Amino acid sequence: MKKFRKVLDGLTTSSPANPGGSPACGSAAGTPSTAPTPRELEIQETLMSEHFQICKTVRHGVPYQPTALAFDPVQKILAIGSRSGGVRLLGRPGVDCHCQHESGAAVLQLQFLINEGALVTACADDTLHLWNLRQRRPAILHSLKFNRERITFCHLPFQSKWLYVGTERGNTHIVNIESFILSGYVIMWNKALEFCNTHPYLCFHYLLFFCFESGTIVMWDLRAKRTDFRIYYDEVSLKEFVSLTSDVFFALRSFLHKGKSLSCSFPIFENPYPMDIHESPVTCTAYFADCPPDIIPVLYSIGAKHKKTGYSHKEWPVSGGTWTVGSQTYPEIIITGHADGSIKFWDATAITLQMLYKLKTSKVFEKPKSGDVGRSAELVEEDPYAVQMISWCPQSRILCVVGISAHVILYRFSKHDASTTITSLEVRLQCEMEDVISPSDTENTPSFSDPSGHSPQPQPPSPRSNTPDSMRDSIPCLKVKDRMIRMPPGYQAELVVQLLWVDGEPPQQITSLDLNSAYGLLALGNCNGLTVVDYLQKTILLCMSTLELYGSADPFQRLTRSPRKNRQSTSGLTELSDNQVSLDLERSKSPTSDHVNGHCTSPTSQPCLTGRARVPGGPEGPRLARRGPGRPPFRKAQSAACMEVSLPVSSLTEESRENSFSRSRSSSVSSIDRETKEAVTTLQFAESYGHKSDTLPTPCLWVGTSLGLVLIIPMSIPTDEQERLEDPVTVAPTGTVLMLKGSILRIGFLDCGGALINSPYEVWRDQHAPDHPDRPRKRKLVNFSPSSSQEASGDGHLAVVCSERQAKVFFMPSQACLYVHNITESSFVLRADVVSVCNSVCLACFCANGHIMTLSLPSLRPLLDVNYLPLTDMRIARTFCFTNGGQALYLCSPTEIQRITYSQEMCDNLQEMLGELFTPIETPEAQNRGFLKGFFGGNAQTFDREELFGEAAAGKASRSLAQHIPGQGGMEGMKAAAGGVVGELARARIALDERGQRLGELEERTALMMTSAETFSKHAHELMLKCKDKKWYQF
């Protein structure tokens, strides 16, 4: 039992002082606080470091850049090699395994040992690997590294233990599969191309055919060690032949040219694997574990109505392996947003992935006409519907989608079709107070009301002027359909919130979003300010700049200048008049504020600068000059899979250092004063305390900003359902401020017993269902108020706030800072979340240096810190997300989703959850040979190549030619299953399978020997009867 006292003296903290000196956070550790001292709490923390371990679980999607393919026709397992050195093994649904070569070299070729549970891979680093597939986690048994020759092709005959390896020099080497060492038997290129035998020996069981790149096809006699036959094509003719015969369109054209027609068509198989994740490039992801059990069947039933038809009715041919649903499963859903504006729901239960439902957000808007002119048409020229952010409430089934064109769409789920109109709300969220200064700077500033104090640049026209530029004011980027629309069952659009152009400047893209179905409110923020929308009454409750939210409680006492100075002209590319200030602004930005597609690449980003000018001679100069000022530098919504950023390994240029992930962020007051805007980086609705004097929790909105400040905005919401639809909701910023180092990433809440407080929600009800007298359409709310969940623990609750640099735990309503932990000094946190693991709660963090960390709550003790995932591109940063149950995911390639776990319990159960790649199957028997063919043709099946390739006949190969590297022999898989009874059962099962296979092989050999003996006895008896009565001279 650990006792946590909510006093600041005597507390163990991870930082010696409180940066910034915010009085709202309490005093530094060890200093008495003036805040009210709450009574003692008793919280038992059950999580220990032994509860955490990181490992990969499963990978979904088609392998990126595939280079090799192989199929085991007996086991019915498909293997796909990729350029990055990965190998995907696919069987029946649920049997899906990913293997990775440590070298990362491209896979050139794959060869199955048919029905043997093994696979040979040839990689671009001239190494052969033998993989053991008789375990759920395949591992390398042997490796053979060629030193002097490069591998070009491999061939393994059926049921043979000798692998033929062709090299770039034209030589052919032979490898023993059992020992994985080279044989002394080598076919040299000069021997293969010498004069061939004029009378070739026609026993095909000793012959080997191989083709050279030059166009020569050789038939080699293995026993005589000579060329029996050779055909030569000139290089051009052979390449033309290969390319033309492989061209489907050429073959089809030739076929039709002869006057023939296609009489039938062959339908394709319906793919049971999620190979269409990248149908449109993925731009964002969301992961929800332990969803309501009824949501998956409902989504599947709706999505099944829109499935494609015309597939083959035959069974999917890749059906190998065995898989059963594990005992510890719960509903999981993955949502992916795409560049074309589509949303896909995936069933991710029990490490599988199946498509449930697809939603197209582009249907909400009118299609832009090709002849449109003006900034609104110019802005949406490429991927205007790309999805940036997703907020989903599984209990109420309300979905909010943030698009790249600064819009938010709210959807409600219904099982019935409906004909409705979509309500559109337009928000003029633009910070008119652009220049922010400290109080000391106000003494030397010119008169703000005097236009002569500005640089001699033309002012933009008023929105009411009659000039053409007035078209660029108060218009959205997209036009919502304003007519009655018939919507099919599923998610139906109800409300669209759009940010408007202001004075010729486009709206900044949305950086934060939160939805609460119990309150009926939606909050969104960007680098200009905050907007709160009542989606039940379809009204805007609050629209303020971030600076206005503080009022007189601004901890930096910032002042504003109005009107703005140093405005850019409306044509051409201009430079800021104060280049030094521009440079300081660039240097004081967060390391995550690199712009991709015209928006901040992470919710942790620092404010976006509207229309920031660049040097005309720079790499972006021509593009910006063409696009014009005031427009974001990149408009195309590239997928998160394409956002690759090379990380600098040395100090190259000033720009590379400023944009690198590893540079530190300045948190000094001087750099803060120079910031032009303060972005809203996170939002969270909750039942909390807006003032220190509050005795009961009320609905509040917690707002986190890019400067490390947290504001608490209380709200007054009518409780009666009818009054809620008629009376206005009151939103009153109180100026309550908490402070941390770095941009705010996540806000969570715990009760005084240490349990997670979930946000209140509304139980789903179908608004378009027919009226029923027994089921009235009333709102049913589920509230997780701190006062109701902790009657035995007392009043108040704990607030967990995590930023890019540190985490803090506050006690509410006194706002006393109980615990502080500096997460990182050399890097910064990209993603953070308060998650449930092993019936407890922890804070999970993913840093830019690749570290995954977990901290206990509320004491913020480090439980896990593993350098697991090096951040090499923005794809990982934008798609990484945590969820409950100790799971996470990210987009590991443009076409694949990688799921991982950081829970020791799930790692222990992973062997049970994975499918078996190998199942003992009897090898199909060959066709029976006739008596005369076997008697006169010789028994070719008994030919043993050991007499040709063995060490006794061929000798040993040169040691310098190749190096044998022993593998782990499946130790990784055995270690994963080595815990107690599970490991013993796994080892016993493997041994039993191997013993059963050996017994089966022995039985087959015994049956063949008995058949051969019976045949010999029969022929001997017939011969004896035939010769019994003959005289000696009759022979």
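Once you list every other residue whose beta carbon is under 11 Å from the beta carbon of A79, what net charge do they have if Lys and Arg are +1 and Asp and Glu are -1?
On the way: positive: R88; negative: D72.
Once all neighbours under 11 Å are counted, the net charge is 0.
Using a 1.4 angstrom probe on heavy atoms only, work out the carbon and sulfur share of the accessible area of the stretch 473-557 in %.
Working: 1140 of 2280 Å².
Ligands and nucleic acids excluded, carbon and sulfur reach 50 percent.
Apply the a/c threshold of 1.5 to the C-alpha gyration tensor of the stretch 775-895 and tell me whether it is rounded, prolate or oblate.
Details: a/c = 2.51, a/b = 1.41, b/c = 1.78.
Here the stretch 775-895 falls in the oblate category.
Which FRET efficiency value, to the nearest 0.05, is calculated for I540 and T872 with the Förster distance at 41 angstrom and r the Cβ-Cβ distance?
Details: r = 42 Å, r/R0 = 1.02.
Using R0 = 41 Å, I get an efficiency of 0.50.
What Rg and what Dmax come out for the stretch 37-165 when only alpha-carbon atoms are used, in angstroms?
Rg, Dmax (Cα atoms, Å): 20.4, 80.
Note down the accessible area of R1005, probe 1.4 Å, to the nearest 10 Å².
About 140 Å², rounded to the nearest 10.
As a test of reading the structure, rank M812, M1010, M275, M188 by solvent-accessible area (1.4 Å probe, protein chains only), most first.
Numbers: M812 0, M1010 110, M275 40, M188 80 Å².
Final ranking, largest accessible area leading: M1010, M188, M275, M812.
What net charge is computed for the residues neighbouring I268, neighbours being all others with C-beta under 12 Å from the C-beta of I268, Lys and Arg scored +1, Asp and Glu -1?
On the way: positive: K308, K314; negative: E270.
Neighbourhood net charge equals +1.
Evaluate E = 1/(1 + (r/R0)^6) for K360 and W316, where r is the Cβ-Cβ distance and R0 equals 35 Å; express this FRET efficiency to the nearest 0.05.
Numbers: r = 28 Å, r/R0 = 0.80.
Once the sixth-power term is evaluated, E becomes 0.80.
What shape does the stretch 380-420 take by its C-alpha gyration tensor, where a ≥ b ≥ c are the square roots of the eigenvalues and a/c under 1.5 counts as rounded, a/b above b/c as prolate, and the rest as oblate?
Numbers: a/c = 3.50, a/b = 1.65, b/c = 2.12.
Oblate.
Given a 1.4 Å probe and heavy atoms of the protein chains only, how would you sort K367, K161, K956, K692, largest accessible area at the top? Provide the component values of the computation, followed by the final result.
Values: K367 175, K161 60, K956 155, K692 115 Å².
My answer, sorted largest first, is K367, K956, K692, K161.
For M275 and E426 in the same chain, what is the full-extension length gain: residue separation times 0.36 nm, less their Cα-Cα distance, in nm?
That works out to 50.5 nm of additional length.
Order 109-115, 844-850, 414-420 from most to least packed using the mean count of other Cβ atoms within 10 Å. Kindly include the intermediate steps, with their values, before the conclusion.
Numbers: 109-115: 20.3, 844-850: 21.9, 414-420: 13.6.
Averaged packing, sorted descending, gives the order 844-850, 109-115, 414-420.
State whether the stretch 712-854 is rounded, prolate or oblate according to the following rule on the C-alpha gyration tensor (a ≥ b ≥ c being the square roots of its eigenvalues): a/c under 1.5 gives rounded; otherwise a/b larger than b/c gives prolate, and the remaining case gives oblate.
Numbers: a/c = 2.09, a/b = 1.85, b/c = 1.13.
It comes out prolate by the Cα gyration axes.
Name the residues of the stretch 797-815 whose amide N is less than 19 Å from a point 7 angstrom out from the Cα of A553 along the C-beta direction?
797-802, 808-815, by backbone N distance to the label point.
Taking the Cβ-Cβ separation of K1026 and V325 as r and a Förster radius of 56 Å, what is the calculated FRET efficiency to the nearest 0.05? Can you show the working numbers first?
Working: r = 66 Å, r/R0 = 1.18.
Efficiency, from the Cβ-Cβ distance: 0.25.
Per 0.36 nm of contour for each residue apart, how much would the distance between I921 and Q963 grow if the chain were fully extended, relative to their Cα-Cα spacing? Write out the running numbers ahead of the final one.
Working: separation 42, 0.36 × 42 = 15.12 nm, distance 3.41 nm.
Full-extension gain reported as 11.7 nm.
Show H313, H851 ordered by accessible area, largest first, where the area counts protein heavy atoms only and the probe is 1.4 Å.
Details: H313 190, H851 45 Å².
Greatest to least solvent exposure: H313, H851.
With labels modelled as points extended 7 Å from the Cα through the Cβ direction, what inter-label distance (nm, one decimal) is found for R226 paired with M1009?
Spacing of the two 7 Å Cα→Cβ label points: 3.9 nm.
The values are calculated or read from the model by the stated rules, or taken from the named source; none is laboratory data. Here the structure is a predicted model, which is why all the values come from computation and not from measurement. We place every Cβ from the backbone using ideal geometry, glycine too, and count neighbours over all the protein chains shown. When the accessible area is computed, the model is the full protein with side chains, heavy atoms only, and any ligands, DNA or RNA have been set aside. Shrake-Rupley method; radii C 1.70, N 1.55, O 1.52, S 1.80 Å.
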